[in-house]
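Here's the structure, in structure tokens; my notes come after.
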Number of protein chains: 6
Amino acid sequence: MRILVVNVNTTDSMTKTIGEQARTAASPGTQIVPLTPAFGAESVEGNYESHLAAIAVMETVRSYPEPFDAVIQAGYGEHGREGLQELLSVPVVDITEAAAATAQFLGRSYSVITTLDRAVPLIEDRLLLAGLASRCASVRASGLPVLELERDPAAAVEAIAEEAVRAVEQDRAEVICLGCGGMSGLSERVVERTGVPVVDGVTAAVTIAESLVRLGLTTSKIRTYAPPRPKQFRAWPMPV
Amino acid sequence: MRILVVNVNTTDSMTKTIGEQARTAASPGTQIVPLTPAFGAESVEGNYESHLAAIAVMETVRSYPEPFDAVIQAGYGEHGREGLQELLSVPVVDITEAAAATAQFLGRSYSVITTLDRAVPLIEDRLLLAGLASRCASVRASGLPVLELERDPAAAVEAIAEEAVRAVEQDRAEVICLGCGGMSGLSERVVERTGVPVVDGVTAAVTIAESLVRLGLTTSKIRTYAPPRPKQFRAWPMPV
Amino acid sequence: MRILVVNVNTTDSMTKTIGEQARTAASPGTQIVPLTPAFGAESVEGNYESHLAAIAVMETVRSYPEPFDAVIQAGYGEHGREGLQELLSVPVVDITEAAAATAQFLGRSYSVITTLDRAVPLIEDRLLLAGLASRCASVRASGLPVLELERDPAAAVEAIAEEAVRAVEQDRAEVICLGCGGMSGLSERVVERTGVPVVDGVTAAVTIAESLVRLGLTTSKIRTYAPPRPKQFRAWPMPV
Amino acid sequence: MRILVVNVNTTDSMTKTIGEQARTAASPGTQIVPLTPAFGAESVEGNYESHLAAIAVMETVRSYPEPFDAVIQAGYGEHGREGLQELLSVPVVDITEAAAATAQFLGRSYSVITTLDRAVPLIEDRLLLAGLASRCASVRASGLPVLELERDPAAAVEAIAEEAVRAVEQDRAEVICLGCGGMSGLSERVVERTGVPVVDGVTAAVTIAESLVRLGLTTSKIRTYAPPRPKQFRAWPMPV
Amino acid sequence: MRILVVNVNTTDSMTKTIGEQARTAASPGTQIVPLTPAFGAESVEGNYESHLAAIAVMETVRSYPEPFDAVIQAGYGEHGREGLQELLSVPVVDITEAAAATAQFLGRSYSVITTLDRAVPLIEDRLLLAGLASRCASVRASGLPVLELERDPAAAVEAIAEEAVRAVEQDRAEVICLGCGGMSGLSERVVERTGVPVVDGVTAAVTIAESLVRLGLTTSKIRTYAPPRPKQFRAWPMPV
Amino acid sequence: MRILVVNVNTTDSMTKTIGEQARTAASPGTQIVPLTPAFGAESVEGNYESHLAAIAVMETVRSYPEPFDAVIQAGYGEHGREGLQELLSVPVVDITEAAAATAQFLGRSYSVITTLDRAVPLIEDRLLLAGLASRCASVRASGLPVLELERDPAAAVEAIAEEAVRAVEQDRAEVICLGCGGMSGLSERVVERTGVPVVDGVTAAVTIAESLVRLGLTTSKIRTYAPPRPKQFRAWPMPV
């Protein structure tokens, strides 16, 4: 089974990290293919960049030359999963939703710890649309920009753990979701500090994608995710 | 006052129609500037095309060379308004939300009549995120593709009016919103058939944009719509 | 165009202030007619007085001898807008709803700063019924009675600004609505303190009423706001 | 124990019927005092009349010369209960809420069968504000005006029973609430036709008012229902 | 009239206390029959014990040899009321729901003060399913185990009153519900400390059960609470 | 990895079917252990039987003598999952929730097709509590009792497929969940009739349980699912 794991930003080192994290959860026989979009922002921290990422991820997947069995969109709170589902029949899993759906099996409520405060509304919106908001205790920001996670991992993990403790104590979260693709690998320390299960979206998404493939399930094509109708495009796809 | 009215598709004749409709609602002294995106689909009828339109509308507005006072995104149920709000300080008005907010002042519940069935979930999602869903009685589809509205207006208006009657009788709608930029101008016949007020999103948006400008109100920059952080982009904006 | 702006209390000086505030937002050619009810309380700060105001506003409008194009009910969180809509075909705009609907175009969430704590539930109820509650971050009270706004405006504005800062910082409001007809004119200082847009219900209502009139839209008469059925009344209207 | 049962309209024969119905549910030692407002409409079928009734009921209760232990507002879906609660410490029970609260003990969902279609939104609003809407399957109208219930009881009961059957079969209601003060006494036939329990608001309210009195419980005065603040009124109470 | 009041735990002294409390609210002529389950935990503080209590209460009621008119399940936040309703036609009243329904007649919002933090989610779930959650301001825990209420009543009442004060001040509760069968009798002190009405579930349930019986109302048998279908059981009821 | 798959009824042949179905989804190296409760009803079709099943499943798992890695409760809409989570640290997966969580990755809305009408409210309640209700289009009943699925599988599959078609056409479901443990194996025909993905709860639960184990995730023990406190039980566990 081949699963495309598509980063939403254009920072190759982050794609690499995400790919490695994904592999830790993959079954024997599953090939993880990490992909970086051909265009877009070095980090996605707001709506403008996220809308651009949405379309960049779609074009990246459309131009992937080999067959594949599932796609993981590895950005937290980003736009675009619905478009991918139109373009493909194979399962599409967004890590925001994968983490939340997984967390709900482990505790009565969960909180998401993300990077910047401005990412909070994007994540809340995605959870609401995905029908996964009612058991979300809170979405909290550590205040760290995405790329800081790579530059100073030690400080990052402490800031995230600190906020996770607040979520457990003040918001009554029983599970923590790490709210950024780049946070993969920080789980251990957050478990240590909070005493609750910590879900990483990338690894959760890998197991969900594998499960859907194994069960032979594909995206429903009857209405919302029907294939795009054939039509004329102006100046698109853009010349590369 | 200058208001940009941006079509979401690349069909110039539709941009022209929307512009003319907008002008019917503009105050003396307001200049309506209709714009067609430089890239994208000839009609937007699904998530893939809508995500592309989101970014196309943003680039169209970003490259507009003159100053302006407000922007109207003239697509029904499309993605992208949040991104425009990040990029700009001047008011941004989405016609989906303009129609719903206006309808709520006229009756206790409203229905939206749109084109294809596949547009229904997109519109529902936008209304939910905008906080305008609780008085929405239904979103119904006439079954006509967007471009059909131009090709056979007489048949279109009947199909739409038919569905509007069902919304009033079966869903208890007290106001009808015309759920497509290209439906401008069909109001009269729908009023005639249903006996309830009919709101067109384009004209509603013009009055709202003008009102916000007159009141000196601009987009809140404190969190969700803060300007994008400065960062490196790969291969974007695309060469034109 | 003539717009009646009806105060909900019987304090004439407050009617005058509201009328002046309304005129600052009116287009050339719009005549603002401020009205004081013939009966009722000097300030409306609770349900008993608000129910009385509801009927006093209706009688005031019913006995207005000239034609008019729209009515604004200039009380925050008061009962009665639905009754006015039954009695009239022209648009009726409540300032509570006007402020909230306007705020939603400027930010993802808004808070209302009102006078006394006891007004909070009334405002919350109105927003809920109007379908405008889901993006309301909070309704907060400054603790000042309505008439205090006139007696000591300097202290009033500080108390309100203080509470607005709390709404922005603690409740994540991105826009502030001034929650009392008598607060008109305090916007500037609250903007200065909070850094977010501040919406005044009276001026917002003027632009909405004008917009509805210009678009030729009137209240839906099909169900909720159908004209009262002809019937016998005992001892009403009361002799004046 | 003395309970005031206040009709919302000025039709004395209906007050008499409501009083008799109330007495069937009263315990020995409970005195039922039926009251007709001194002003208002002969029947209440919409917002204008309902707002007037709200204030008429309050004045009626305020001018009642003897002590009493509880008040029942015997109108379905009418405004005003909150104002009465401010004026009094003794329990105030609205029959809309009494019926719904009682129905919820008998089945998983309930429907209300009311008179005219225009009463439906008023009832829905009251249930929403009272926190009793989530298990309401539907509010349905029989199409009969209030006074018709007195003029042709046989036809009335059939129309109501017919609609109740639809509520049970189509809306999955498990209990029926009779949605009009004047429907008291029709329960038997509706039980016969539907096979489900039928709750009459007037009798339900009597038992609830008695229960609250027996338990020594009174209205909370801490915020929403605090007594009105002392203030000047213009031309009110009206001369009688 | 005979009402069974069934404790959910197997501590006989607590059954006795509950029975005595119930009798204080019973009308003359009502016989209160307190019952202790034949099996189960000495106190119910979590899901495992609560599920066991659910079935123990049902078996206790099924094996009661005399006729009876209503049943009260005297555990706060426990499972099982729905099963009892299937087994019986006579009214079944859960004290969690009785307290909440009663509180809603006294103030705009209520809080529940319970024993251990782990009981909070159980109570929240019951209120949600019962359609009584929307006006619940909070469910708070005093931190005291159930049996501590008997062992050190003075300390218990202070801990509960303390938490009730927080509910009123911080969560804006206007009424307090005592969230444990064993808290009966503590009302007075909590009223004293908070100044708001305090509802005890056991006494509230007695008046509701009596009311339903007096009104001749029984559980709806049409769907959710239809009698169990005849079928084979393995090893059940267990030998006693 | 060893996963216990616990039937909720005492029909051994159904346990066998469920076990076989579970094995079709298990990875190599996963041992599926089907278990039948030692006591309870031959089929679970209502609250009384479901509460009994809850406790029977718990006792069955508690007395299982070997170590295991996860538990699947293989009943649709049954009580008890929360209790199992208190008793265990290893993941517990309810098939109702497993099916819904899986369906949400495949389409925008899903419907559940269950057996008898009386099972509908139980399933709705479980989905609501699990935070999985907002994208549930409907829960529909085929009208067939549980055991009929075994007795006449051909008729069963047609009745279920028929209802599934209605869910897709009338309720706008985009995915179908088979709402009974005993429906395993009917997917193919329902896919054929509806053209949408069909999710079976048992196989979905197996992949979820395996995923949680592989990710090293266990139930949060911080509040809702903390282990039961040590205490005295009367006559329990029952002698076997």
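The values are calculated or read from the model by the stated rules, or taken from the named source; none is laboratory data. Given the structure is predicted, the values throughout are model-derived calculations rather than measurements. Here the Cβ is made from the backbone with ideal geometry for all residues, glycine too, and neighbour counts use every protein chain on show.
Taking the range C:53-64, which residues are surrounded by fewer than 24 Cβ atoms within 10 Å (Cβ to Cβ) and within 14 Å of chain D (Cβ to nearest Cβ)?
C:59, C:60, C:61, C:62, C:63
How many residues does the range E:18-52 contain that are away from every other protein chain (no Cβ under 13 Å) and either closer than 26 Å to residue E:143 by Cβ or among the acidic types (Asp, Glu) (or both)?
Residues that pass the stated criteria total 2.
Which residue is surrounded by the fewest Cβ atoms within 10 Å (Cβ to Cβ), if the candidates are limited to the range D:8-52 and must be of a type in the set (S, T, N, Q) and more than 30 Å from residue C:226 (Cβ to Cβ)?
D:31
Return the residue satisfying two criteria in turn: it lies in the range B:181-199 and is within 9 Å of chain C (Cβ to nearest Cβ) and hydrophobic (A, V, I, L, M, F, W, C), and of such residues it is farthest from residue B:13 (Cα to Cα).
Within the range B:181-199, the match that is farthest from residue B:13 (Cα to Cα) is B:196.
Being closer than 21 Å to residue F:213 by Cβ, small (Gly, Ala, Ser) and out of contact with any Gly (no Cβ under 7 Å at 6 or more places or on another chain) narrows it down to one of F:41, F:70, so name that one.
The conditions single out F:70.
Just one of F:110, F:76 is assigned by TED's automatic domain parsing to the domain that holds residue F:17, of a type in the set (Ser, Thr, Tyr) and under 17 Å from residue F:200 (Cα atoms); which is it?
Just one listed residue meets the conditions, F:76.
Take the residues in the range A:69-85 that are farther than 15 Å from residue A:56 by Cα and out of contact with any Lys or Arg (no Cβ under 7 Å at 6 or more places or on another chain); name whichever of them is modelled with the highest pLDDT.
Going through the qualifying residues, I end up with A:70.
If we scan the range F:79-102, do we find a residue that is more than 29 Å from residue F:216 (Cβ to Cβ) and touching a strand residue (DSSP E or B) at 6+ places or on another chain (Cβ under 7 Å)?
no
Quick check on the range F:102-128: of everything there that is out of contact with any helix residue (DSSP H, G or I) (no Cβ under 8 Å at 6 or more places or on another chain) and in a loop (DSSP other than H, G, I, E, B), which residue is surrounded by the fewest Cβ atoms within 10 Å (Cβ to Cβ)?
F:117
What tally of residues in the range A:185-240 results from selecting those that are within 18 Å of the chain's Cα centre (by Cα), at pLDDT below 95 and closer than 30 Å to residue B:126 by Cβ?
Matching residues across the range A:185-240 total 0.
Give the residues of the range C:129-142 that are of a type outside the set (Ser, Thr, Tyr) and touching a helix residue (DSSP H, G or I) at 6+ places or on another chain (Cβ under 7 Å), sorted by residue number.
Passing the criteria: C:129, C:130, C:132, C:133, C:136, C:137, C:139, C:140, C:141.
Which of the residues that make up the range D:103-124 are in contact with a strand residue (DSSP E or B) (Cβ under 6 Å, 6 or more places away or on another chain) and closer than 25 Å to residue D:49 by Cα?
The answer is D:111, D:112, D:113, D:114, D:116, D:117, D:120, D:123, D:124.
Report, by residue number, each residue of the range E:174-213 that is free of Cβ contacts under 8 Å to residues at least 24 places away in the same chain and either touching a Ser or Thr at 6+ places or on another chain (Cβ under 8 Å) or crowded, with 24+ Cβ neighbours inside 10 Å (or both).
Matches in the range E:174-213: E:211 only.
Pick out the one residue from C:164, C:99, C:159, C:137 that is touching a residue at least 12 places away in the same chain (Cβ under 8 Å), more than 10 Å from chain B (Cβ to nearest Cβ) and assigned to a strand (DSSP E or B).
Testing whether each residue is touching a residue at least 12 places away in the same chain (Cβ under 8 Å), more than 10 Å from chain B (Cβ to nearest Cβ) and assigned to a strand (DSSP E or B) leaves just C:137.
On the given criteria, is residue A:188 out of contact with any helix residue (DSSP H, G or I) (no Cβ under 6 Å at 6 or more places or on another chain), within 24 Å of residue F:214 (Cα to Cα), in a helix (DSSP H, G or I) and not assigned by TED's automatic domain parsing to the domain that holds residue A:51?
yes
Can you name every residue in the range D:142-156 that is surrounded by fewer than 20 Cβ atoms within 10 Å (Cβ to Cβ) and without any contact (Cβ under 8 Å) to a residue 40 or more places away in the chain?
Residues satisfying the conditions are D:143, D:148, D:151, D:152, D:153, D:154, D:155.
Could you please find all residues in the range B:172-185 being in contact with a Gly (Cβ under 9 Å, 6 or more places away or on another chain) and either farther than 16 Å from residue B:100 by Cβ or assigned to a loop (DSSP other than H, G, I, E, B) (or both)?
B:173, B:174, B:179, B:180, B:184, listed by residue number.
Can you say whether residue C:15 is within 14 Å of chain D (Cβ to nearest Cβ) and at pLDDT 95 or above, as far as the supplied structure shows?
Yes.
Looking at residue D:146 and the list (1) part of a helix (DSSP H, G or I); (2) modelled with pLDDT under 95, which single condition is not satisfied?
(1)
Restrict the check to the range F:65-85 and report whether at least one residue is under 15 Å from the mean Cα position of the chain (by Cα), β-branched (Val, Ile, Thr) and within 14 Å of chain A (Cβ to nearest Cβ).
yes
Scan the range B:200-224 for residues that are more than 7 Å from chain C (Cβ to nearest Cβ), not in a helix (DSSP H, G or I) and not small (Gly, Ala, Ser) and jot them down.
B:200, B:221
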